[in-house]
Amino acid sequence: MAKQNRVEPATLDSLDREILRILQRDGRTSNSEIARQLGKTETTIRKRIAAMHENEFFEIVAVPTPRIAGQNISAIIGLSVQLQYLRQVAAALSERREIRYCGLSTGRFEVIIEAFFTDSDDLLRFTTDILGSLPGIVDVETSLILEIEKFAYEWELD
């Protein structure tokens, strides 16, 4: 359902892209600082940001790290799932607090999830009690992330 009173720019122009680049580097950059960097007025920047946000071109979120919740083990888990259960499995997993990412895929696994756990017992409980109880899962392959080299939310805007 479309939002009421939505501003409808067809695409982002070069100014919008520059604003987003600055916000990607530091989402707390003030409108006046962005205006200063880009040689525009604060009013222009404020209106551009409001229009882009209204059109859902970006989201404003604070992302706590898993460690703040005591979740020290990160795992990528590939699941082989019987096709008739695919959406049911994905929906059930998407509701779990441990799961940060759940995607349906092609290739070796039908479902790939990223999950965080407090310790190996928590991972074992999840694997046996949660995954083991879902109908349609026929194989599970878990890869533990030992060290994160890059974790980013930004990508280059053309």
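What follows draws every value from the coordinates through simple rules; no lab data is involved. Being a predicted model, the structure only gives us computed values, none of them experimental. With ideal geometry, Cβ positions are generated from the backbone for all residues, glycine too; neighbour counts draw on all protein chains shown.
Using Cβ counts within 10 Å as a stand-in for footprinting exposure, how do 73, 49 rank, fewest first?
73, 49
Take every Cα-Cα pair in region 66-145 and report what % of them are more than 21 Å apart.
That tail contains 20 percent of the Cα-Cα pairs.
With each label point set 7 Å from Cα along the Cα-Cβ vector, what nm distance links residue 134 and residue 41?
5.3
Roughly what % of Cα-Cα distances in region 14-54 sit above 17 Å, to the whole percent?
12
What order do you get for 47, 150, 40 when you list them from fewest to most C-beta neighbours inside 10 Å?
So the residues, fewest neighbours to most, are 150, 47, 40.
Ranked by Cβ crowding within 10 angstrom, fewest neighbours first, how are 85, 101 ordered?
101, 85
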